[in-house]
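The values are calculated or read from the model by the stated rules, or taken from the named source; none is laboratory data. Because the structure is predicted, anything quoted here is derived from the model rather than measured. Cβ: placed from backbone, ideal geometry, glycine included. Neighbour counts: every protein chain shown.
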Amino acid sequence: MQIFFLALACFLILNILAGLWRVVQGPTPADRMVSAQLFGTTGVAILLVLAQALEAPYIRNAALLFALLMIMAVLSFVRKSTPKQGQAGNIK
Amino acid sequence: MALFLDILVAFSLVAIAWRIMRAPGHFQAVVLFITFGLLLSLAWARLNSPDIALAEAAVGAGLAGVLLLDTLRAVAQPGKVKTGAHFSWLLLPCLLLAGLLTLSIIHIQPDSQGLARAVEAGMQTTSLEYPVTAVLLDFRGYDTWLELGVLLAAVLGLLCVRRKKSIRAPLLPAPAEPVGRWLISILLPLILLVGGFLLWLGAFAPGGAFQAGVVWAAGGVLLWQAGHPSLGALPVSLWRTGAVLGFALFWLLAATALIRNEPMLTHPQAKAWILAVEYAAALSIAVCLTSLAIGGQKSEDRNQKSEVRDQRSGDRCQITNNR
Amino acid sequence: MIFDILSILLCLAGAFFFLGGTVGLLRFPDNYSRLHALTKADNLGLGFIVLGLVLASPTMPEIIKLGLIWLLALVGSSSACYFIGNYIYHTPSQEEE
Amino acid sequence: MHGFYIYAITAILLFCLGLWGLAFHRNLLRKIVALNVMAGGVFLFFISIANPDQSGEVDPVPQAMVLTGIVVAISLTAFALCLARRIHEKTGQNELDTSCSIEDGDG
Amino acid sequence: MESLLVLVPLAAAMGSFLAPGRGIASWGFLTSLAIPALAAGTAMDVYQHGARRISLGGWAEPLGIHLHMDGLSVIFLIMTALVGALISIYSAFFFKRDTARHFWPLWLLMWAALNSLFMVSDIFNAYVVLELVTICAAALAVLSGKTESLQAGLRYLMVAMAGSLAFLLGVGFLYAETGMLDMFMLSWELQGGPVAAAAFGLMTTGLVMKSALLPFHFWLPPAHGEAPAPVSALLSALVIKGSFFLLLRLWVGVFEPAGITSHAAYVLGCLGVLAVLWGSYQALIQPRLKLIIAYSSVAQVGYLFLMFPLLCTVPEAPWAEKAWAGGTYQAISHGLAKAALFLAAGNLILSTGTDRIHYMKNIASRLPMTTFTLGLAGISLMGLPPSGGFVAKWMFMQAILESGQWWWAVAPVLGGLLTAGYVFRILGYAFLLAEKEPRMLPVPFVLEKIPLILALCSILIGFRAEEIIFLLQEHMLWAIEVEGDS
C-alpha cells in the first residue's frame, strides 16, 4: 500500500514535470498561469498522498494551505493586467 | 520507490532552478519560481518537516507569488527583456564551487545527531510540549525575537522608501461581479480559522506563530486584493501597535527576567506568558507581512503634485535650526 | 482488504484524470480549451484521489479535512478558471510580458 | 542515507545556480528571484542534515532555524522588491547603473 | 548590564516607532546617554574580572544562545557607544522631522543589533543579527530617497543578502560536522577536514562581501557616498566593523584552532594590501569629498585584513599580540576618524550645498572648525603620531618586522603616503582663496562641535594605548580564557 502511494506521488510529480513544458513554451502569460494552477492542484494531491504514504498526518495541513491560497497568485495576476480601457474588466 | 521519489524531487528542483535562471521572459521566471516553492514544500514533506512545509506553502503559494507578480506588473517594460548574456561564463566558476562543496559533503557523517539529544533533555524542563516550538520560543527565543526585529525593520525600511506614516495601499474598488465577492466571503473566514487552528496546534504539533502569522497575512492580502476598505480604515496607531506587539512582548519577557535577576529571556513558569508571547508574535508577523506585501505599492490616490513635493522634501535633509 | 483495493482503484482513476489534464494542457490548441481541460479533469482527479484516501484513512476528523481540502480546491480552481478566462477574453494582445 | 546525499547535493546545486543567476542577470527582479533560489538551497541543506536517514526523528533545531530563515528571507525580499519598484518609478529602469554619480552629495 | 546594551536601544526603537511626534529625538538622546555608561560598566567588569558569558533564557551550552564579553568585544562596544552617541546627537539636530521619523527607529534597532553582534557567541544568532544590521543599514542608506542612493542601497542589500546566505550555508556545514552552533564549543570540537574547510570558505567569503574587501568593495562607495552624512558615518564607522568583527571572531576563535586558516590568511592579506592601494588611489582622483572619504574606507578596511596573515599563519606567534593590538586599534581609530570626516563633510554640504571639492575653496576661513576637524581626522587616517592611527600602524609595523613577512609593510608605507596625498588634496582646496566669495550658510554650533570631538577622540586614543592593549592582551584568546573560567 505504501509503495503504491509513493508510486502515485512519483507519477503526479512526473505530471508536473511534463506540464512545465507549457510554462516554458507559453505562448501567453495566461497559459503559464493556467499551468501554475494545475501544478497547485497536483501539489495538493501529492501532499495528500505523501501524508498517507509517510504516515505524517500534519502534511495534510500544508495541502490545506495550498488549496486555500493558490488562488492568490491568480488574483494578483489578473488584477490590473485587465486593460483599463476595457469596458467590462473582471475587477473594475 | 522512496529513493526514486527523492531523485525525482531533486531532479525537478534543479531543473526548475535552471529554467528560472535561463528563462527569457520575466513572467515565466516568476511562474516557475512559484512552482519551485511548491516542489520545495514537497521536499519538506518528504523530509519529515511539516513545520517548514506549512510555512513554505503559505509563503510560497500566497505571499511570494503576490509580491513577485505585483512587482512584475509594476515594472513591466514591454519588449525590453535583457539578460547579461556576457556573464554566462560565470556558470563555470559556479559549477566549480558546486563541485567543491559536493566533495566536502561526501565527508559529512550524516548519522550525527546534532542538538536533538540536547533538545530532548531540555524538553524535560521547558513548559512547551512540541520541540520545534520549544526551540523557537524558549531555547533559542533570542533568534525569534530578533527575527521579529528583522520583520519590523523591513516594514520600517518600506515606510522609509515610500515616505509614509503607515501602510495605506491604494485600495482597489470592490469586485463588481459576484464571483470575486463570493470567493472572498468563503476564503476569508476560512483563512482566519485555519490560522487560528495552526496557532493552537503549535503548542503540541507542527504549526505555531510563524505559520499562523503567514496565513493571516495571506488573509490580509486577500482582503486588500478584494478591495475591502477595512485595511485602509485601520487607524495608524492601531496598525503600529499591531506591528510591534510581538516584539514588545518579547522585550517585556527579557526585561522581567532581568528584574527577577535571571538571565535575559528566561521564561517564567506560567505557561500563559509563553502563550501570550506566541499569540502576539503571530499577530505581529501577520501585520508586518501584510504591510510588506501591500505596502510596496505606489500610492495611486495621491496626485502628481504631492508626489513631487514628497520627493523634494526627501531629497534634502535640512536642519531644524536653520528655520 | 476490499477497502484497500477500492482505494487503489479510485486513486488510479484520479491519476488518470490528472494525466488527462496534463495531456490536455500540453496538446490542446488554444487558451480556452486548455483552461477547460485543466480545471475539469484536474478537479475530478483530485476528487477521486481524495475519495481513495478517505477509504484508506481511518479517523473522522481526517476525512472531514480531506473533504474540506477538496472543496477548497474546487472553489479555488473554478474561480481561477473564471478569472483567467475573463482575463484572456478581455486582453486583446497576448504577447509575452 | 542515500537520501541525505541526494538532497544535500541538490541544495548545493540550487545555491550555486542561484549565485550564477544573481551574477548573470541584470534585471533586478530576476536577481531577487535568484537570491530566493539560493535561500531555498540553503534551507534544503539545513533540513537534509536535520533528517539524515529520512525516517525516525528529526532534529528540531535546524527546522527552527529554517523557519526563522524563511521569515528573514521574505522580509528582505519584500524590502528589495519595494526598492526595485521605487527605482523603476524614478528612472524607468529595471537595472542598476554601474556608475557612481558625481552629483552633489546629500547633506 | 550587558543585556541592557540590547534592551535599551530596542525599547527606544519601539518608543520612537510608536510615538513619532515632535520629541522623537529624545529617544535618541536618552539612548546615547545610557549606552556609553552601560558600555563603560561592562568594560570595567571585564577589565577587573575577565571574560564572561551569559546564557540567554538560562539554557546552557550547547542548547541555548549565549552572549560573550571579552576584551575584544568590550573595545568594539565602547567604540560603538562613543561613535553612536555622538552621531545620535548630531542627527538630532541634523534631520528634520519628516526624515527623523524614519531615521530614529531604524538607527536604534541597528544600534541594538550592533551591540548584540559584538557580544555574539552563537553562529546562527550571528546570522540573524547580521541580517538585522543589513536591513537597517540598507534602509538608512536610502533615507534621502534620491535615485542614486536607492540604487546604491539596493546593490548593497543584494550583496549583503548573498553574503549572508553564503554565511548561513557555512553555518549549515559547521552544524553538519559538529552538531553545534556555539562558537565557544566549536573552538574545542572543530577538527580540520573538508567539511570544516568548506564552512570556513563560505563563511569567510560571505563576511568579506559584507566587509567590502577589495573584489567586493564595489557597493561601498556609492552606498556610503550617497547617504545623508550621519548615515554615511554610521555605515562606515560601525556597520563594516560588525562583519569584520565576526570574521575575526570566527578566524581566531574557531578556525585557527582547527588549523585551516594558514593559506587563506595570505590571500586575505594580499587582498588587504591591494585594497589599501586601490582604495587610496581612487580616493585621490574622486571629485567629491564624500566619495573621497568612502574610497578611503575601502583602503582603511584593507589595513584591517593585514591582521589575518600575521595572526593566523604561525600558531602562537610571539608577534600575535602586536598584530592583534594593531588591528583593533586600526578598527577603532578608523571608526572615530571616519565618523568625524563624514560629519564634517555633512557640515560642508549644509553650508555650501555641495561637496565637490572644487567648491571647497576658502572654507578654512569660513568654517575653521570644520576644516580643523578634517585635518585632525586626516592625521589619524595617515597614521601620524600621536594619533590612534599611528599606534595602529606602529603596532602593525612591529608585528610585520618581527614576523619576517616584510612584504606586508608595503601597505602601511605606501598606503600612508597615498592617504597623505588625498588628505592634503582636501586641505589644499580648503585653504585656497576663492576668486569670488561663495555663498555659505552658517552651520549650527552643535553640528560643528560633534565631528571635532570625534576627531579629537581619534587622536586622544593614541595616548591611552596601554590600557586598551592591556584589555586586549588579557583577554585576547577568548576561547582559552573562558575555558579557564568555567
* Asked: How many residues does the range A:14-31 contain that are assigned to a helix (DSSP H, G or I) and either surrounded by 21 or more Cβ atoms within 10 Å (Cβ to Cβ) or facing chain C (nearest Cβ under 7 Å) (or both)?
  -> 10
* Does the range C:13-30 hold any residues that are aliphatic (A, V, I, L, M), touching a residue at least 24 places away in the same chain (Cβ under 8 Å) and more than 7 Å from every other protein chain (Cβ to nearest Cβ), and which are they? -> C:ALA13
* Structure fact -> Cβ pairs under 8 Å, 6+ apart or interchain, first in the range D:82-93 and more than 7 Å from every other protein chain (Cβ to nearest Cβ) and modelled with pLDDT under 85, second assigned to a helix (DSSP H, G or I) and surrounded by 15 or more Cβ atoms within 10 Å (Cβ to Cβ), ordered by first then second residue, are D:GLN93/D:ILE87
* Selection count where residues are at the interface with chain B (Cβ under 7 Å from one of its Cβ atoms), among the hydrophobic types (A, V, I, L, M, F, W, C) and not in a loop (DSSP other than H, G, I, E, B), scope the range A:42-70 -> 11
* Structure fact -> Screening B:LEU137, B:LEU128, B:LEU96 for residues that are more than 7 Å from every other protein chain (Cβ to nearest Cβ) and surrounded by fewer than 20 Cβ atoms within 10 Å (Cβ to Cβ) leaves only B:LEU96
* Asked: When the range B:1-26 is examined, which residues are found to be at the interface with chain A (Cβ under 8 Å from one of its Cβ atoms) and at pLDDT below 90?
  -> B:MET1, B:ALA2, B:ALA23, B:GLY25
* Could you say which residue among E:SER280, E:SER351, E:SER333 is in a helix (DSSP H, G or I) and closer than 20 Å to E:VAL239 by Cα? -> E:SER333
* Asked: Quick check: anything in the range D:48-55 more than 26 Å from B:GLN113 (Cβ to Cβ) and outside any helix (DSSP H, G or I)?
  -> no
* Among the candidates D:ILE32, D:ILE6, which residue alone is at the interface with another protein chain (Cβ under 7 Å from one of its Cβ atoms) and in a helix (DSSP H, G or I)? -> D:ILE6
* Number of positions in the range B:258-286 that are free of Cβ contacts under 8 Å to residues at least 60 places away in the same chain and assigned to a helix (DSSP H, G or I) -> 6
* Qualifying residue in the range E:57-65 (condition: small (Gly, Ala, Ser), assigned to a helix (DSSP H, G or I) and modelled with pLDDT of 95 or more) -> no
* Mind checking whether some residue in the range C:45-52 is aliphatic (A, V, I, L, M) and more than 9 Å from chain A (Cβ to nearest Cβ)? -> yes
* **Failed condition for E:MET69, given (1) at pLDDT below 90; (2) more than 26 Å from E:SER333 (Cβ to Cβ); (3) more than 10 Å from chain B (Cβ to nearest Cβ)** => (2)
* To do: Tell me which residues, restricted to the range E:31-52, are out of contact with any helix residue (DSSP H, G or I) (no Cβ under 6 Å at 6 or more places or on another chain) and either at pLDDT 85 or above or more than 21 Å from E:PHE470 (Cβ to Cβ) (or both).
  => E:LEU33, E:ALA37, E:ALA40, E:GLY41, E:MET44, E:ASP45
* Got at least one residue in the range E:71-81 being closer than 30 Å to E:GLU321 by Cα and more than 15 Å from the chain's Cα centre (by Cα)? -> yes
* Selection within the range E:179-199 - more than 18 Å from B:PHE139 (Cα to Cα) and among the acidic types (Asp, Glu) -> E:GLU189
